[in-house]
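The values are calculated or read from the model by the stated rules, or taken from the named source; none is laboratory data. Since we're looking at a predicted model, the values are computed, not measured. No Cβ is skipped: glycine too gets one built from the backbone with ideal geometry, and neighbour counts run over all protein chains shown.
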Amino acid sequence: ELSGGNQQKLLIARWMSERTKVLLLDEPTRGIDVGTKAEIYKLINEAADQGLAILLVSSEMPELLALSDRVLVMGEGVIKGELRGDQMTQTNILTLATDESASATIAH
């Protein structure tokens, strides 16, 4: 039987091979070891390089920053802000997530 991490790798690889256009990944590396995380990150990057649109939901800040072209920060069911490029920092993400007036303070 496959470990949890290997099961996740297998599912992602299978979805990529099925001509999927959009892939929604919700906490794709939660509870798996560092080595398997790196392999899943590689699969995600390969999928994006092949033109697959990926929506990534993650509570792991390094994961978000490493895998994302842009970050939408949500709170209380609404989008609090969108960050791209140099705006994508842990500080800006946390500011948007915790401060109702933050969207006005982060340059767009």
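Quick look at the values:
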item: Residue tally, condition part of a helix (DSSP H, G or I), exposed (fewer than 14 other Cβ atoms within 10 Å of the Cβ) and not β-branched (Val, Ile, Thr), over the stretch 14-58; result: 8
item: Hey, Val73 under 16 Å from the mean Cα position of the chain (by Cα) and not assigned by TED's automatic domain parsing to the domain that holds Glu18 or not; result: yes
